[in-house]
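Shown next, in structure tokens, is the structure this report addresses.
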Amino acid sequence: MARKATKQTARGRKQDRARVAGGQDYEVSYESRKTGRSAAAVKKAVKKVGTSRKRVERRLGSAMKKSLGTAPSKRR
């Protein structure tokens, strides 16, 4: 007898997006490019504060601010 198909939800993907897997190279490189920090710094932050993306980005946040620059724009 065939099994009834269940409806897929976005909840699982949303929960997965809220975490940084420190052992997955593609996730570490994504955070590295996003924050402007090295992959080693991202792994260290994950180890220090856990896998929560918010906490990891907050830990690496000082570098994000530096990469944005503090010089005023030359727009007229």
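The numbers here are math on the coordinates, done by the rules we state, and not lab data. In this text the structure is predicted, and so the values were computed from the model without any measurement. We place every Cβ from the backbone using ideal geometry, glycine too, and count neighbours over all the protein chains shown.
How big is the stretch 8-51 along each principal axis, measuring the range of its Cα positions in Å and listing the largest first?
The principal-axis extents, from largest down, are 36, 19, 15 Å.
With label points built 7 Å along Cα→Cβ from the Cα atoms of Ser52 and Ala40, find their separation and express it in nm.
2.8
Give me the number: length gained by fully extending Arg33 to Thr6, i.e. 0.36 nm times residue separation minus the C-alpha to C-alpha distance, one decimal in nm.
Roughly 6.0 nm would be gained on extension.
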